[in-house]
Amino acid sequence: GYLTGILYLAPANEASPKVNVCPFASEGCKAACLYSAGRGKMSSVVKARVAKTLRFIEDPKAFVELLAIDIQKIVNKAAKVGMIPAIRLNGTSDLPWEKLKGKLGVSLMDRFSSVACYDYTKNPNRAIAYAEGKMPDNYHLTFSKSECNDEAVAKVLAAGGNVAAVFSTKKADELPMWHEETPVIDGDKTDLRFNDPKGVFVGLRAKGEARSDRSGFTIILD
């Protein structure tokens, strides 16, 4: 019942050595990034994502205005087909979209206040701010576990937030029901994180390069 629009940029500093669009990304995260999964391996897709990222770097405010046009198109299309629009701006990036206000001085969440916006983030400050109700009402954030942010994971869970974790579970197999005394839900059944219960691990099966990861980013199950 949802029509989702997801923005995919070139992650970390793939587009420019001077700008990192995933400032909290770990080495394991970079190596296992979904940037390498599915169509993300195609050279034409890589070039398009790099070009979009460079456009954002060159003029963030103008980029926000272009995004607003695309989001409105999704809102219009959803209305035509009787679906609910949802937007995820950090498909392969980790930018603070709640602070990027464009040339009009208004964030995309405030412009589209009736649209569900959601993202994953490795920025513990953003994740905890969300858990404490300090983000726009229509912006849902899920913290993302890496091989080196266990302390932040504990803080986010304690604040009532959710944490996404990648498991070595194969596509046809069931994810564990619990991880470190916290319930695990199957995050692969739907990408609509804003419908998840609170205080859980969102289990994701390893995809792309994450399937061969041994850095600790992917949780290896016996």
> If you take the charge dipole of the chain about its Cα centre, with +1 on Lys and Arg Cβ and -1 on Asp and Glu Cβ, which of 168, 105, 158 is farthest toward its positive end?
Replying inline: 105
> Using alpha-carbon pairs under 8 Å, 6+ residues apart, how would you state the relative contact order of the range 127-173 in percent?
Replying inline: 42 percent
> Which whole-number percentage describes the relative contact order of the range 96-222, with Cα contacts under 8 Å and a sequence gap of 6 or more?
Replying inline: 23 percent
>> How large a share of the accessible area of the range 84-222, in percent, is made up of carbon and sulfur atoms when the probe is 1.4 Å and the other protein chains stay in place?
In response: 52 percent
> Between residue 186 and residue 72, 0.36 nm times their residue separation minus their Cα-Cα distance comes to what?
Replying inline: 38.0 nm
> So which aspartates and glutamates pass the test for residue 103, namely a Cα distance under 15 Å, with those fewer than 8 places away in the same chain ruled out?
Replying inline: 58, 59, 65
>> I need the calculated FRET efficiency for the pair residue 65 and residue 222, taking r as the beta carbon distance and R₀ as 41 Å, to the nearest 0.05.
In response: 0.20
>> Report the gain in length on full extension from residue 81 to residue 198: 0.36 nm times residue separation, minus Cα-Cα distance, nm rounded to one decimal.
In response: 39.1 nm
>> Taking every DSSP beta bridge with both residues inside the chain, roughly what % is antiparallel (nearest 5)?
In response: 10 percent
> Hey, got the dipole for the range 1-142? About the Cα centre, +1 on K and R Cβ, -1 on D and E Cβ, debye to the nearest 20?
Replying inline: 400 debye
> Which entries of 73/101; 52/134; 47/73; 61/171; 30/189 show an alpha-carbon separation above 31 angstrom in the structure shown?
Replying inline: 61/171
>> Sequence gap at least 6, Cα distance under 8 Å: using those rules, report the relative contact order of the chain to the nearest whole percent.
In response: 22 percent
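The values are calculated or read from the model by the stated rules, or taken from the named source; none is laboratory data. Predicted, not measured: the structure shown is a model, and the values here were computed from it. Cβ: placed from backbone, ideal geometry, glycine included. Neighbour counts: every protein chain shown. Note: accessible area is taken over every heavy atom of the protein model, side chains too, but ligands, DNA and RNA are not part of it. Shrake-Rupley method; radii C 1.70, N 1.55, O 1.52, S 1.80 Å.
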